[in-house]
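Note sheet for the following structure.
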Amino acid sequence: MRQSLSFFSSPVFFFLVILFLAKVDADIVNETCKKASQVDKELQYDLCVAALRQDPKSHSADLSGLWIISANLVKDNTTKISSRIEELLKSDPDVKGCLRECKLHYSIAELNTKRAIESFESKNYKDANVAVSAALTDATTCEDAFKESGLKSLLIAEYNSYCQLCSIALDIGSFFI
């Protein structure tokens, strides 16, 4: 009996437990992205994993934590795109009308993302997904402004990344509904 107790208090035991827990924590990101990309054929598995793993908290997060991480990625990306729009407004007079419309829609998307996080934290998962979906629609409306004017979008790369980040949040959010 003493030998088995000494094993449980040995450094080897603690190392194995930590190794096991690290493996379990890393798997939630992989498994979540795998499930999400199987349901959503547009979602890129590798991008999902890389995006979620940007946040060090993802290694110890549960599914709710991964949703919060994904929503914060959307929120941060919205802010970056808004800053990019500000830069473009100063430098490209030919597309000012489209960029002003985009600025408006991304500011609304930022509000929708904040509302999504608040809803999720209140366990109102359906409203959280609706708000993320609205943020995605706002970004799409920006791109539509370029198409309708016959101009090439200056934000297409940012928009494509944004769509993927929104999809991650929407797909994870769907697990709660």
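Taking residue 89 as the residue in question, decide whether it is modelled with pLDDT of 95 or more and either within 13 Å of the chain's Cα centre (by Cα) or more than 22 Å from residue 147 (Cβ to Cβ) (or both). In short, no. Select from segment 91-125 the residues that are touching a residue at least 12 places away in the same chain (Cβ under 8 Å) and either in contact with a Lys or Arg (Cβ under 8 Å, 6 or more places away or on another chain) or among the polar types (S, T, N, Q) (or both) and list them in ascending order. Passing the criteria: 107, 110, 112, 113, 114, 117, 119.
Per the listing 115, 100, the residue uniquely within 25 Å of residue 65 (Cα to Cα) and either surrounded by fewer than 20 Cβ atoms within 10 Å (Cβ to Cβ) or over 15 Å from the mean Cα position of the chain (by Cα) (or both) is 115.
Taking segment 141-152 only, how many residues are in contact (Cβ under 8 Å) with a residue 12 or more places away in the chain and either in contact with a Phe, Trp or Tyr (Cβ under 6 Å, 6 or more places away or on another chain) or surrounded by fewer than 16 Cβ atoms within 10 Å (Cβ to Cβ) (or both)? Reasoning before the result, please.
Start the filter on segment 141-152 by keeping residues that are in contact (Cβ under 8 Å) with a residue 12 or more places away in the chain, which leaves 141-143, 145-146, 149, 151.
From what's left, either in contact with a Phe, Trp or Tyr (Cβ under 6 Å, 6 or more places away or on another chain) or surrounded by fewer than 16 Cβ atoms within 10 Å (Cβ to Cβ) (or both): 143, 149, 151.
Of the residues in that region, 3 qualify.
For segment 119-177, a residue qualifies if it is in contact with a Gly (Cβ under 7 Å, 6 or more places away or on another chain) and of a type in the set (A, V, I, L, M, F, W, C), and the qualifying residues are 128, 132.
The values are calculated or read from the model by the stated rules, or taken from the named source; none is laboratory data. From a predicted model like this one, the values you see are computed outputs, not experimental measurements. All Cβ positions, even for glycine, are placed from backbone atoms using ideal geometry, and neighbour counts span all protein chains on display.
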